[in-house]
Amino acid sequence: MEKSYDRERLIVVANAEPYQHLHSEGGIKQEKLAGGLTTGLDPMMKNSNNLWIAWGRGEADFEVTDDESKVVVPDDEIGYTLKRLELSREEINGFYYGFSNSTLWPICHSFPHKANLGKENWEVYKKVNKRFAESVLEELRPGDRIWVQDYQLALVPQMIRQEKPDAKIAIFWHIPWPPWETFGIIPWKRELVEGILGADFIGFHTSWLVHNFLDTVFKLGGAANRDENIARLDSDRTVVNNIPLGIDTDFFQSTAKRKEEAQRLKENFASRKLVLGVDRLDYTKGIDRRIEAISTFFEKYPQYKGEVSFIERISPSRSKVKEYQQMREKIEQGIAEINGELRGEEWVPIRYFYQHLPQEQLIPYYLAADVGLLTPLIDGMNLVAKEYVATRDKGMLILSEFAGAAETLGEAIQVNPYNSERVADALHEALTTPIEDQKRKFDKMKRKLNQMDVHWWRDRFLEEWEISLHN
Ligand code: G6P
């Protein structure tokens, strides 16, 4: 049965754009961007009349847009419209590097000591959120649904609501929502929560994040009904729920033609077993701790020297934020020390790549790796864990218990990423698990991933949003 929202246009508003345009030898090329949000949402936007509004940050982004700053993406299949906002240097520094990534990001990931609480960035954040809201208002037609994404745009729902009280607005928060003691550190906490509560419906990845959010509303003096997941501050009621983002499982399962590439990769690494980590460079991903755990692993289980290699594929991100530069140096130093100490004539313990790879080029890595090692210190979701499982029939996944994906992937070996001894033991366990057990676990996980894929996520979100409008 056709639902009313099938006929309505979806306007996604996100800081990140799904594709950027870059100069290349053959002219301007389109590149798909890394990051859970964009890779997650792109498949559900295709084949429709939808609109995505985002900051255009590619070097050739505005060379391909029309006079309304719009371009159709992707350029190789039936696509949707991307409307790009151009931000000034001051806006990029204050809004993106500043308040979004040096204040909200560390606070929401429970690293309060890394947070910059300067007022200047907050002022720019408000200004840029206003620009996004105005850009939506310019486009808005009756019946449209406005789906705001993530922490960079927390004020947008309320800003649109003020102008259009009847608009249909929802927000999905892709990163963690921290406990009150941490969120409460932000001097503008009330404005932020009021901004979000301008939405009719709010989604988080997991149940404990919904709990933290409702608790924040309550501590701010609002009403938080934990049985019905309803929040209210100085606003109308907002429904809050957990709907874990899924992946495009069909894409990851249609991998047969990549098997040869995977085989070549395996041969290149001169190692019997491969363990893979794929992350955006970020201190929340726990890459430095993982390197420590790898060192512990070779100390505790020396029989794996010469036998097991670790591949660390790291995509550059937010490289102007000091924390990120320091992190990169620390990781590279740690890897160089282990490799310097242990490497053999052909065998290298850790192969490290600092380069973004498009999703389809990651597939041979997923296929080649006997073990996926994803140990974020904290993560809203971690889609890579899901991608690794979806691509294979067997293998082992070692996953941080502090990743949102752990709520769905209960068959993974779950570890405390701070405990390097435990991670080392988990690696040994993974490398000695019989194939039949591996298959059984993968089968169970894959069934869940197929059922709760990205299309399920979108439909579930739209359905629950619809219900919230009628209650
Ligand atoms: C996370 C955030 C997204 C963000 C992505 C990439 O997944 O939740 O909002 O787009 O990281 O980060 P970047 O700063 O490079 O856009």
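Provide His205, His113 ordered by accessible surface of protein heavy atoms (probe 1.4 Å), highest first.
From most exposed to least exposed: His113, His205.
When ligands, DNA and RNA are left out and all protein chains stay put, how many square angstrom of accessible area per residue does the range 249-451 have with a 1.4 Å probe?
43 Å²
Can you give me the % of accessible surface on the chain that is carbon or sulfur? Probe 1.4 Å, all protein chains present, nothing else counted.
45 percent
What is the distance in Å between the Cα centres of the range 12-27 and the range 189-258?
28 Å
Report, in order of residue number, the helices in the chain meeting two criteria: a C-alpha extent of 20 Å or more along the helix axis, and a mean Kyte-Doolittle hydropathy of at least -1.0; treat each whole DSSP H run as one helix.
Result, helices passing both filters: 454-470.
Dipole of the range 377-438, Cα-centred, from +1 at each Lys and Arg C-beta and -1 at each Asp and Glu C-beta, to the nearest 20 debye?
Computed about the Cα centre, the dipole is about 160 debye.
Relative to 2.2 N^0.38 Å, what does the C-alpha radius of gyration of the range 249-451 come to as a ratio? Two decimals please.
0.95
Quick one: give the max-minus-min coordinate of the C-alpha atoms of the chain along each principal axis, largest first, in Å.
Rounded to whole Å, the extents work out to 67, 52, 48 Å.
So if I take the centroid of the Cα atoms in the range 287-327 and the same for the range 380-430, what is the distance between those two points in Å?
Computed from Cα coordinates, the inter-centre distance equals 15 Å.
Taking K and R as +1 and D and E as -1, what net charge do the other residues with C-beta under 10 Å from the C-beta of Met452 add up to?
Here the count lands on +3.
When the helices in the chain are scored as -39500 (n - 2.57) per DSSP H run of 4 or longer and the sum is shared across all residues, what 222 nm value do you end up with, to the nearest 500 deg cm²/dmol?
-12000 deg cm²/dmol
Hey, which lysines would be in cross-link range of Lys29, C-alpha to C-alpha under 18 Å, not counting anything within fewer than 8 residues on its own chain?
In chain and number order, the partners are Lys70, Lys83.
What FRET efficiency, computed as 1/(1 + (r/R0)^6) with R0 = 22 Å and r the Cβ-Cβ distance, is obtained for Gln263 and Arg440, rounded to the nearest 0.05?
Step by step, r from the Cβ atoms, then E = 0.30.
Whose amide H sits under 5 Å from the amide H of Leu397, counting only residues 5 or more places off or on another chain, with H placed in the peptide plane?
Residues meeting the amide H criterion: Gly372, Ile413.
Which entries in Lys32/Lys266; Lys126/Lys219; Lys168/Lys285; Lys114/Lys330 show an alpha-carbon gap greater than 28 Å?
Cα-Cα > 28 Å for Lys168/Lys285; rest within.
Kindly flag which residue pairs out of Lys394/Lys444; Lys164/Lys189; Lys386/Lys439 have an alpha-carbon separation exceeding 18 Å in this structure.
With Cα atoms farther than 18 Å apart: Lys164/Lys189.
Note down the net charge around Glu228, summing +1 for each Lys or Arg and -1 for each Asp or Glu among other residues with Cβ under 14 Å from its Cβ.
Surrounding charge for Glu228 is +1.
Size of the dipole of the range 249-451 about the Cα centre, Lys and Arg at +1 and Asp and Glu at -1 on the beta carbon, nothing else charged, in debye to 20?
520 debye
The values are calculated or read from the model by the stated rules, or taken from the named source; none is laboratory data. None of these values were measured; they are calculated from a predicted model. A quick note on method: Cβ atoms are made from the backbone with ideal geometry, for glycine too, and the neighbour counts reach across all protein chains shown. These area figures cover heavy atoms from the full protein model, side chains too; ligands, DNA and RNA do not enter into them. Shrake-Rupley method; radii C 1.70, N 1.55, O 1.52, S 1.80 Å.
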